[in-house]
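Here's the structure, in structure tokens; my notes come after.
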Ligand code: 8YV
């Protein structure tokens with residue numbers, strides 16, 4: 001009987017996904033969800049036919065140099081592939097796939113939730129009651145900022161940016177965006193979105209800025225100290241994409257100095273470590289910080305797992321997997 005391909009999965013996945021993987025492949029699963037050590041990863045790439053990593057695994061050139069001849073597919077459990085040296089993988093004849101589309105709505109929901117949380121001080125309000133600190137209502141207490149009628153500037157108008165725009169329109173925000181390429185006119189019309197070729201000019205005019213682009217060498221610190229300084233003092237910024245896109249130290253400095261009104265961050269430059277200055281600001285309720293949970297829904301994780309399985313199965317059946325990561329996307 002033909003040997004089933006060895007599929008090494010680096011983290012625990014939803015039960016239904018693991019069951020299906022066991023049926024289809026020789027699946028080496030991580031049922032304890034113990035994060036892989038560098039030694040585990042070397043062992044994985046040496047032995048696997050297919051590797052299923054997540055954002056918590058660094059798949060760099062030196063690791064790929066140790067890959068065994070069987071490793072032919074890296075089927076990432078996630079959309080962002082900035083933790084994988086895709087160029088090196090492709091040059092070694094390893095196909096890379098990801099899971100686009102299935103986490104769009106959940107991530108857009110979380111982005112909207114962060115905008116509301118920051119603008120309306122929701123986490124602070126939710127803390128005060130259980131702590132017994134509510135002395136009673138007052139007309140001038142806990143005043144946030146109205147979002148209806150304000151301008152939202154979306155940096156990166158891909159799937160998530162567009163899903164956010166649809167939600168934000170329902171909240172009465174006007175939509176502005178900056179993107180590598182202008183989106184088709186039909187989408188611009190549907191969203192009544194204004195395109196800004198100049199990110200600098202857009203930043204200077206927005207009340208809320210949301211980061212929704214992928215992290216690539218071109219977007220590393222795209223929101224640099226210089227660019228953050230262009231924003232209005234009363235503006236807020238939210239990031240559910242990747243921490244590396246904002247210069248976190250510069251952001252912390254501006255928030256401390258009151259040069260920006262607030263921030264909502266679900267992602268950080270050095271996860272799971274978080275800049276202590278941001279943690280301090282969170283204790284003072286000047287920022288809302290979440291532990292990278294933008295796409296964390298039960299349904300989303302199952303959909304991601306199903307996408308991974310389809311990519312693996314199609315590849316092993318000798319066809320092009322639907323979600324190949326191509327050099328033009330990097
Ligand atoms: C996932 C994400 O939680 O898919 C992505 O790019 O950022 C996430 O929301 C994570 O990447 C899973 O690997």
For the chain, the longest principal axis of the Cα atoms and the Cα long axis of helix 38-47 enclose an angle in degrees, to the nearest 10, of 40
Of the peptides 271-280, 46-55, 298-307, how do they stack up when ordered by the mean number of other Cβ atoms within 10 Å, highest first?
-> 46-55, 298-307, 271-280
Any idea what angle helix 298-316 forms with the longest principal axis of the chain, computed on alpha-carbon atoms, 0 to 90 degrees, nearest 10?
-> 30
Chain lengthening between residue 61 and residue 192 when straightened (0.36 nm per residue, less Cα-Cα) = 42.8 nm
Pull out the extension gain between residue 47 and residue 137, defined as 0.36 nm times the separation in residues minus the alpha carbon to alpha carbon distance; nm, one decimal.
-> 26.1 nm
In percent, what relative contact order does the stretch 104-289 have, based on Cα pairs under 8 Å that are 6 or more apart in sequence?
-> 21
Express in whole angstrom the spacing between the alpha-carbon centres of the stretch 229-297 and the stretch 152-208.
-> 21
The simple spin-label model distance between residue 182 and residue 146, using points 7 Å out along Cα→Cβ, in nm, is 3.3
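As an exercise, use a Förster radius of 22 Å and the Cβ-Cβ distance of residue 299 and residue 19 to find the FRET efficiency, rounded to the nearest 0.05.
0.85
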For the chain, longest principal axis from Cα atoms; helix 159-170 axis from its Cα atoms; angle between them, nearest 10 degrees, is 30
Nearest-0.05 FRET efficiency for residue 174 and residue 129, computed from C-beta distance (R0 35 Å) | 0.55
Helical contribution to [θ] at 222 nm, DSSP H n ≥ 4, -39,500 (n - 2.57), averaged over the chain, rounded to 500 | -10500 deg cm²/dmol
Calculated FRET value between residue 285 and residue 326, using beta carbons and R₀ = 41 Å, to 0.05 | 0.40
How much length, in nm to one decimal, is gained on full extension between residue 226 and residue 39, taken as 0.36 nm per residue of separation minus their Cα-Cα distance?
-> 63.3 nm
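No lab work stands behind these numbers, since they all come straight from the coordinates. None of these values were measured; they are calculated from a predicted model. Cβ: placed from backbone, ideal geometry, glycine included. Neighbour counts: every protein chain shown.
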